[in-house]
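The values are calculated or read from the model by the stated rules, or taken from the named source; none is laboratory data. Computed from a predicted structure; not experimentally measured. As a convention, Cβ positions derive from the backbone with ideal geometry for all residues, glycine included, and neighbour counts pool all protein chains shown. Ligands, DNA and RNA are excluded from the accessible area calculation, which covers all protein heavy atoms including side chains. Shrake-Rupley method; radii C 1.70, N 1.55, O 1.52, S 1.80 Å.
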Amino acid sequence: MYDLRVTPVSSALPGVEKHANVVASIISGKSLKSISAEIAIFFIILIGVLSTTVYTRLKVDYSFIALIGFLFMISLLSYLLFLFKGVWFSPLYSFGNLIVQFILIIVLRHLYTEKEAKHIKKIFSNYVTERVVNELIKNPSMAKLGGERRDVTVLFSDIRGFTALSEKIQPENVIELLNEYFAAMTEVIFKWEGTLDKFIGDAIMVFWGAPLPQPDHAERAVRCAIEMSQKLRELCKKWSYENKPTINIGIGINTGEVLVGNIGVEGKKMDYTVIGDHVNLASRLEGLNKEFNSEIIISEFTFQRIDNLIKKGAFNPVIFKELGEIRVKGREKTVRIYAVITS
């Protein structure tokens, strides 16, 4: 009555039955065999390589599900080998290998992601809105810092007669005026989710269509220019009331394929910017405002992108006046240009 034994399949197996099983195994020649060390090591390496490949290609949530799947498959394999082949394959080492790999890869990915997020934030925090920075952190592949060709719209803005103005007033007042002007313009630019490339003295360079894709980049640029013009009028009213000098600006906008990326000296000075013929054309158009006594000039390439919206009255009461074709320095073909007249 007290001859009861604990086995892997029973907590109270009669000892005589245990002896009978041992005898039956000896007579039949069937016994539990352990899998060879070579096969066990090969399997551990194989499952390790497979799991590492899966972990590195999937997100954390899916990697965890994959880990559970691997553990289940190994358990099932071990059970089936035992049940039908009488082979003992311990899943313990494979379990440990899978779990340790999962933890290490997730930790390394987290550290890499944090480093990449800081890098992206460092590069783009001065160029774009916080929403765009967060989007880039989630999808770093959207911003190829090494350089790529993109279809973008470029805007150049410049203060008219600023050199003469700066000679008439104190330097402190010039800086104060510029800072207030730049702050107001930057607010408008970020409202239309433009990428603020740089301030060049009293000029501003902005582009749309990078780092995040913006199918409506031409429309955004034109609407931004219109609002910049309106915002400047408000500033001039305020400055006039404060007995401060007022200013006028010229804006040039062009659309086309450019090279965009992080350009500069690694570790010293790097700028996320755009270069190319279409960038130069936008700068030239900004300068043409002096000749045509206008405030905003856009190229035919930008006009073509928003032509349907203009016909639908989406820009009313703004008027788009054709100024004709001009030959710009550095380009063989003439370019048709349009003045954007705001109320």
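Would you mind giving the three semi-axes, in whole Å and largest first, of the ellipsoid equivalent to region 159-227 according to its Cα gyration tensor?
Here the semi-axes work out to 28, 10, 10 Å.
Considering the convex hull of the alpha carbon atoms of region 261-331, report its projected area averaged over all viewing directions, in nm², one decimal.
Reported value for the Cα convex hull: 6.9 nm².
Using modelled amide H (1.01 Å from N, peptide plane; none on Pro or chain starts), what sits under 5 Å from the amide H of GLN214, excluding residues fewer than 5 places away?
Hits under the 5 Å cutoff: GLY209.
Show the residues, 5+ positions off or on another chain, whose built amide H is closer than 5 Å to the amide H of LEU323.
Correct list: ILE337, TYR338, ALA339.
If you plug each phi of region 201-213 into the Karplus form 6.51 cos²θ - 1.76 cosθ + 1.60 with θ = phi - 60°, what whole-Hz ³J(HN,Hα) values come out, in order, with x for Gly and Pro?
Karplus values, whole Hz, x for Gly and Pro: x, 9, 9, 10, 10, 9, 9, 10, x, 7, x, 8, x.
Taking 25 °C and 0.890 mPa s as the conditions, I'd like the Stokes-Einstein D for region 296-343 in µm²/s, using the Kirkwood hydrodynamic radius from alpha carbon pairs.
Reported coefficient: 215 µm²/s.
Let me know the volume per residue of the alpha-carbon convex hull for region 181-304, in Å³.
Measuring per residue, one finds 123 Å³ for the Cα hull of region 181-304.
With θ set to phi - 60°, apply the Karplus curve 6.51 cos²θ - 1.76 cosθ + 1.60 along region 85-95 and write out the HN-Hα couplings as whole Hz, x wherever there is a Gly or Pro.
Ordered by residue, 3J(HN,Hα) equals 10, x, 10, 9, 10, 6, x, 4, 5, 5, 4 Hz.
So how tilted is helix 277-292 from the main axis of the chain? Cα-based, degrees 0 to 90, rounded to 10.
20 degrees
Could you work out the relative contact order of region 261-343? I mean the mean sequence separation of Cα pairs under 8 Å and 6+ apart, divided by the number of residues, in percent.
After rounding, I find 26 percent.
Can you compute the equivalent ellipsoid semi-axes for the chain, i.e. the square root of 5 times each eigenvalue of the Cα gyration tensor, sorted largest first and rounded to whole Å?
73, 21, 17
Working out 0.36 nm times the residue gap between GLU332 and LEU46, then minus their Cα-Cα distance, what length gain in nm do you get to one decimal?
Using 0.36 nm per residue and subtracting the Cα-Cα distance, I get 96.7 nm.
Could you grab the relative contact order for the chain? Cα pairs under 8 Å, six or more apart, rounded to a whole percent.
Here the relative contact order equals 13 percent.
Expected output is a single nm value to one decimal: the length gained when fully extending between SER343 and ILE27, i.e. 0.36 nm times separation in residues minus the C-alpha distance. What is it?
Fully extending the segment from SER343 to ILE27 adds 103.3 nm.
Considering the options ILE296, TYR181, CYS224, tell which one lies farthest towards the positive end of the dipole of the chain, charges being +1 on Lys and Arg and -1 on Asp and Glu at the Cβ, about the Cα centre.
CYS224
Rank-order 225-238, 16-29 by packing density, defined as the average count of other C-beta atoms within 10 Å over each peptide's residues, highest first.
225-238, 16-29
With a sphere of radius 9 Å drawn around the Cβ of VAL258, what net charge do the other residues whose Cβ falls strictly inside it have (Lys, Arg +1; Asp, Glu -1)?
So the environment of VAL258 carries a net charge of -1.
Testing the spin-label approximation: label points 7 Å from Cα along Cα→Cβ at GLU242 and GLU148. State their distance in nm.
So the label points at GLU242 and GLU148 sit 4.3 nm apart.
Calculate, axis by axis, the spread of Cα positions in region 4-121 along the three principal axes, and write the results as whole Å, longest axis first.
Sorted from largest, the Cα extents of region 4-121 read 73, 30, 17 Å.
As an exercise, use a Förster radius of 41 Å and the Cβ-Cβ distance of PHE72 and GLU187 to find the FRET efficiency, rounded to the nearest 0.05.
Using R0 = 41 Å, I get an efficiency of 0.15.
If you fit an axis through the alpha-carbon atoms of helix 300-311 and take the longest principal axis of the Cα set of the chain, what angle between them do you get, 0 to 90°, nearest 10?
Approximately 90 degrees, to the nearest ten.
Amide H of TYR272: which non-local residues (sequence gap of 5 or more, or other chain) have their own amide H closer than 5 Å, using H built in the peptide plane?
ILE263
Ignoring any ligand, DNA or RNA, what whole percent of the accessible area of region 34-88 comes from carbon and sulfur when the probe is 1.4 angstrom?
Roughly 78 percent of what the probe reaches on region 34-88 is carbon or sulfur.
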